[in-house]
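Novice: The structure is given below, and queries will be raised subsequently.
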Amino acid sequence: MRSLRMKVVMVMVILILALMTVIGAFLINGVGNFYISEFYVQMEQTFSQSFIAQLQRLPEQSPDAPERMKELLMAQAGLGIDIANRNVYVLSPLGTVLSGSDQRTSVDVTPNLLAAMNGEVGQERSITNDYMDLAVPIESSSGSYIVYILDAKTTVDALTGEVLGIILRALGLGLVICLILSFLLSQILITPIRALTTGTREIAAGDFSQKLEVTSRDEIGTLTKNFNYMAQVLQDTLSEAENERNKLSTLFLHMTDGVVAFSAAGTVIHYNPAATQMLSRSLDPTTRFDEVFAGKADLEQLLALRRPQYLEAQMTAGSRELELFMAPFSSGQEQGGVMVVIHDVTEQRRSEQSRREFVANVSHELRTPLTNIKSYAETIVSAGDELPPELRNQFVGVIIGEADRMTRIVQDLLTLSKIDYGKMEMNISRFPFSRPVRSVYEAAKLNAEQTHGHTLTLDCPEDLPEVDGDRERIEQVLMNIVSNAIKYTPDGGKIQITAGVSGKTVFVRVSDNGIGIPEKDLPRLFERFYRVDKARSRESGGTGLGLSIAREILKEHKGDIRIESVYGEGTDVTITLPIAK
């Protein structure tokens with residue numbers, strides 16, 4: 001009975017059985033009622049007033065009235081007396097058989113007979129009785145009689161049996177036809193349903209490419225169309241969901257912030273590579289919340305939060321400074337959990353520290369010359385004419401020197417500011433790289449040899465390739481490097497300037513045998529205001545900004561600068577620039 005075909009067959013069979021049963025009941029009941037009605041119509045037509053009057057006169061003509069009365073009754077064709085099925089009796093008022101069409105000597109007392117005994121015509125009819133009868137009281141001068149007609153309903157029963165047989169034969173034929181039609185109907189219904197079932201199974205398996213053929217315009221055809229439409233909508237929806245999932249997955253994997261999701265039980269559900277990198281540890285499904293963020297927050301407290309509530313915390317993992325944002329991602333503890341977003345604020349903290357150091361350095365660098373200027377100026381003012389001219393000129397020279405020093409600091413700061421905000425103007429032109437190299441060499445040679453006793457040599461081919469750039473800025477960089485070599489090399493040292501070609505770049509290397517740079521200071525040489533020997537740098541007028549400016553200028557030219565040094569032995573500074581196309 002689980003099969004739709006069997007259900008259709010059983011419904012059709014039950015329908016036929018019910019229909020034939022109702023029809024049979026109506027037919028059998030109709031046949032019985034028809035014959036009963038026909039019986040009483042015949043009796044009513046036979047027992048007319050004239051016929052009853054004739055029966056009433058018979059006893060006066062013959063002493064054998066009951067027998068004569070029976071013969072007269074049997075002579076009436078309308079009574080249909082056939083002795084076997086329908087009989088006539090002449091009864092006494094008490095129901096005794098005086099004469100009859102058969103040999104019966106007594107009859108059963110029926111309701112109609114009782115009515116005749118009471119002087120009324122007994123003609124009640126009932127389809128449930130196995131007989132039909134009529135009792136008519138006859139009153140005459142010689143006595144009272146009851147004419148009683150009794151029909152055994154044999155004809156009715158025979159016809160009812162024949163009708164029942166016809167119904168049964170029709171039922172059998174109807175069942176055969178019903179089975180054939182129901183199988184055909186079920187096949188018509190089941191074929192598209194099976195196709196729908198197969199299509200549904202394929203969709204459940206993830207294959208949305210199947211399109212069912214619409215073979216009819218009825219409800220099943222409409223269902224098939226809707227099924228195809230549903231499959232297309234599902235395919236589009238899943239494609240969109242897959243695209244969104246891929247977007248989120250890509251974002252999750254490649255976002256710079258770390259993300260770790262924990263279940264309500266405290267175990268890791270998801271995490272991205274940035275989280276493991278920031279936390280400096282591996283994560284897996286067995287890792288627990290307390291192991292990673294012990295002391296930073298309580299898991300139960302986080303699960304009790306409601307959106308948009310969250311907790312902030314900070315932690316240190318190795319050399320990284322991390323900022324944590326923790327919030328539940330579902331209101332139900334069993335289905336939800338906690339999401340932790342990790343920000344790496346190491347660079348931010350370093351930048352803040354650098355800004356503080358920068359402000360402190362600028363304040364210090366400007367305060368020193370301002371203090372000297374103020375001191376010498378106050379001395380000149382307070383001494384007045386008593387100050388010897390030679391000493392006054394010396395003090396004025398100091399003031400001018402400190403003012404120049406402040407000017408250089410401000411100029412360097414202005415240059416860095418322009419670089420930071422991208423407002424430094426570059427006068428780009430194409431020129432042979434040998435020109436700025438030789439220009440710087442010629443400008444620094446006199447100071448190096450006469451003031452410090454250095455030996456400054458140059459190895460620069462005349463046919464160096466051309467470069468595109470701001471020649472003045474490049475010369476500024478070269479001059480800064482050569483000046484540092486002159487400053488930090490003891491008098492009488494050797495400084496070598498070498499220029500050449502390396503692949504698709506030109507380079508210039510400034511080598512000296514000066515004091516060198518300690519290894520620990522090499523990574524910080526390009527920080528602003530950073531100086532290895534602060535006292536000597538300040539004495540020589542250095543601001544600690546030269547190398548920072550040089551690196552930024554070279555970045556603008558897509559060049560590079562590299563410093564190699566051995567403390568106490570010397571330093572090599574190399575800059576490279578791309579050759580002009």
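Novice: Among the residues of segment 479-527, which ones are in contact with a strand residue (DSSP E or B) (Cβ under 8 Å, 6 or more places away or on another chain) and of a type in the set (Ser, Thr, Tyr)?
Specialist: Those that are in contact with a strand residue (DSSP E or B) (Cβ under 8 Å, 6 or more places away or on another chain) and of a type in the set (Ser, Thr, Tyr): TYR488, THR489, THR498, SER502, THR505, SER511.
Novice: Right, here's the next one. Name the one entry in GLN187, GLN277 that is closer than 30 Å to LEU303 by Cβ and open to solvent by 70 Å² or more (accessible area, probe 1.4 Å).
Specialist: When all the criteria are applied, what remains is GLN277.
Novice: Please specify each residue of segment 185-215 satisfying the condition of being of a type in the set (S, T, N, Q) and more than 30 Å from GLU242 (Cβ to Cβ).
Specialist: Across segment 185-215, the qualifying residues are SER186, GLN187, THR191, THR215.
Novice: Can you name the residue in segment 84-107 that is among the small types (Gly, Ala, Ser) and in a strand (DSSP E or B) and is also surrounded by the most Cβ atoms within 10 Å (Cβ to Cβ) among such residues?
Specialist: GLY100
Novice: If you don't mind, there's one more thing I want to ask. Report whether or not ILE177 is in a helix (DSSP H, G or I), open to solvent by less than 60 Å² (accessible area, probe 1.4 Å) and within 30 Å of VAL31 (Cβ to Cβ).
Specialist: no
Novice: Identify all residues within segment 481-495 that are surrounded by fewer than 19 Cβ atoms within 10 Å (Cβ to Cβ) and either under 17 Å from PHE433 (Cβ atoms) or in contact (Cβ under 8 Å) with a residue 40 or more places away in the chain (or both); write none if there are none.
Specialist: Those that are surrounded by fewer than 19 Cβ atoms within 10 Å (Cβ to Cβ) and either under 17 Å from PHE433 (Cβ atoms) or in contact (Cβ under 8 Å) with a residue 40 or more places away in the chain (or both): LYS487, GLY492, LYS494.
Novice: Of the residues that make up segment 112-128, is at least one closer than 18 Å to LYS153 by Cβ, at pLDDT below 80 and not hydrophobic (A, V, I, L, M, F, W, C)?
Specialist: Yes, because at least one residue in segment 112-128 is closer than 18 Å to LYS153 by Cβ, at pLDDT below 80 and not hydrophobic (A, V, I, L, M, F, W, C).
Novice: Can you work out which of the residues in segment 496-523 that are among the hydrophobic types (A, V, I, L, M, F, W, C) and more than 17 Å from PRO436 (Cα to Cα) is surrounded by the fewest Cβ atoms within 10 Å (Cβ to Cβ)?
Specialist: Checking each candidate, the answer is LEU522.
Novice: Tally the residues that are among the polar types (S, T, N, Q) and crowded, with 16+ Cβ neighbours inside 10 Å, restricting the search to segment 23-55.
Specialist: Here the count works out to 2.
Novice: Inside segment 194-213, can you point out the residues that are open to solvent by less than 60 Å² (accessible area, probe 1.4 Å) and over 15 Å from GLN232 (Cα atoms)?
Specialist: ALA195
Novice: Which condition does PRO137 not pass, out of (1) touching a Phe, Trp or Tyr at 6+ places or on another chain (Cβ under 9 Å); (2) open to solvent by 20 Å² or more (accessible area, probe 1.4 Å); (3) more than 30 Å from LEU15 (Cβ to Cβ); (4) not in a strand (DSSP E or B), if it passes all the others?
Specialist: Going through the list (1) touching a Phe, Trp or Tyr at 6+ places or on another chain (Cβ under 9 Å); (2) open to solvent by 20 Å² or more (accessible area, probe 1.4 Å); (3) more than 30 Å from LEU15 (Cβ to Cβ); (4) not in a strand (DSSP E or B), PRO137 breaks only (4).
Novice: Further question: Are there any pairs, at least 6 apart or on different chains, whose C-beta atoms fall under 8 Å, with the first in segment 150-175 and under 20 Å from TYR40 (Cβ atoms) and the second part of a helix (DSSP H, G or I) and open to solvent by 40 Å² or more (accessible area, probe 1.4 Å), and if so, which?
Specialist: These pairs meet every condition: LYS153/TYR35; THR155/TYR35; VAL156/TYR35; LEU159/TYR35; THR160/ILE28.
Novice: From the list ALA304, ALA294, ALA261, ALA274, which residue is modelled with pLDDT of 85 or more, over 21 Å from the mean Cα position of the chain (by Cα) and farther than 30 Å from PRO192 by Cβ?
Specialist: Just a single option satisfies the conditions, and that option is ALA274.
Novice: A further question on this structure: Can you find even one residue in segment 284-303 that is of a type in the set (Val, Ile, Thr), within 26 Å of ARG524 (Cα to Cα) and not in a helix (DSSP H, G or I)?
Specialist: Looking for residues that are of a type in the set (Val, Ile, Thr), within 26 Å of ARG524 (Cα to Cα) and not in a helix (DSSP H, G or I), one finds none in segment 284-303, hence no.
Novice: List the number of the failed condition for ASP157; all other conditions in (1) farther than 30 Å from SER101 by Cβ; (2) open to solvent by 80 Å² or more (accessible area, probe 1.4 Å); (3) in contact with an Asp or Glu (Cβ under 9 Å, 6 or more places away or on another chain) hold.
Specialist: Unmet for ASP157, out of (1) farther than 30 Å from SER101 by Cβ; (2) open to solvent by 80 Å² or more (accessible area, probe 1.4 Å); (3) in contact with an Asp or Glu (Cβ under 9 Å, 6 or more places away or on another chain): (1).
Novice: Quick one: MET20 ticks every box in (1) surrounded by 16 or more Cβ atoms within 10 Å (Cβ to Cβ); (2) part of a helix (DSSP H, G or I); (3) at pLDDT below 80 bar one, so which box is it?
Specialist: (3) is the only condition that MET20 fails.
Novice: Please find, among PHE262, PHE252, the residue that is among the hydrophobic types (A, V, I, L, M, F, W, C), under 17 Å from MET339 (Cβ atoms) and touching a residue at least 24 places away in the same chain (Cβ under 8 Å).
Specialist: PHE262
Novice: Starting from segment 396-420, take each residue that is farther than 16 Å from PHE529 by Cα and list its partners that are hydrophobic (A, V, I, L, M, F, W, C) and not in a helix (DSSP H, G or I), counting only C-beta distances under 6 angstrom and pairs at least six apart or across chains.
Specialist: Pairs that qualify, where the first residue is farther than 16 Å from PHE529 by Cα and the partner is hydrophobic (A, V, I, L, M, F, W, C) and not in a helix (DSSP H, G or I), are LYS418/MET424.
Novice: Across segment 560-572, which residue is nearest to GLU466 (Cα to Cα) among those that are in contact with a Leu (Cβ under 7 Å, 6 or more places away or on another chain) and surrounded by fewer than 21 Cβ atoms within 10 Å (Cβ to Cβ)?
Specialist: Among those residues, the one meeting the criterion is ASP560.
Novice: A follow-up question, please. Give LYS423, LYS374 a once-over and let me know the one that is farther than 30 Å from SER502 by Cα, open to solvent by 80 Å² or more (accessible area, probe 1.4 Å) and modelled with pLDDT under 85.
Specialist: When all the criteria are applied, what remains is LYS423.
Novice: Hey, among ILE579, ILE575, which residue is open to solvent by 10 Å² or more (accessible area, probe 1.4 Å) and either among the acidic types (Asp, Glu) or at pLDDT 90 or above (or both)?
Specialist: Only one candidate qualifies: ILE579.
Novice: While we're on this one: Within segment 460-473, track down each residue that is crowded, with 19+ Cβ neighbours inside 10 Å and more than 58 Å from the chain's Cα centre (by Cα).
Specialist: Passing the criteria: only LEU464.
Novice: Determine whether segment 504-525 contains at least one residue that is in contact (Cβ under 8 Å) with a residue 24 or more places away in the chain, assigned to a helix (DSSP H, G or I) and within 60 Å of the chain's Cα centre (by Cα).
Specialist: Scanning segment 504-525, I find at least one residue that is in contact (Cβ under 8 Å) with a residue 24 or more places away in the chain, assigned to a helix (DSSP H, G or I) and within 60 Å of the chain's Cα centre (by Cα), so the answer is yes.
Novice: Could you grab me the full set of residues in segment 435-454 that are in contact (Cβ under 8 Å) with a residue 24 or more places away in the chain and either surrounded by 12 or more Cβ atoms within 10 Å (Cβ to Cβ) or of a type in the set (Lys, Arg) (or both)?
Specialist: The answer is ARG435, PRO436, VAL437, SER439, VAL440, TYR441, ALA443, ALA444, ASN447, ALA448, HIS452, HIS454.
The values are calculated or read from the model by the stated rules, or taken from the named source; none is laboratory data. None of these values were measured; they are calculated from a predicted model. Cβ coordinates were reconstructed from backbone atoms using ideal geometry, including for glycine residues, and neighbour counts include every protein chain displayed. The accessibility values were calculated without ligands, DNA or RNA, using every heavy atom of the protein model including side chains. Shrake-Rupley method; radii C 1.70, N 1.55, O 1.52, S 1.80 Å.
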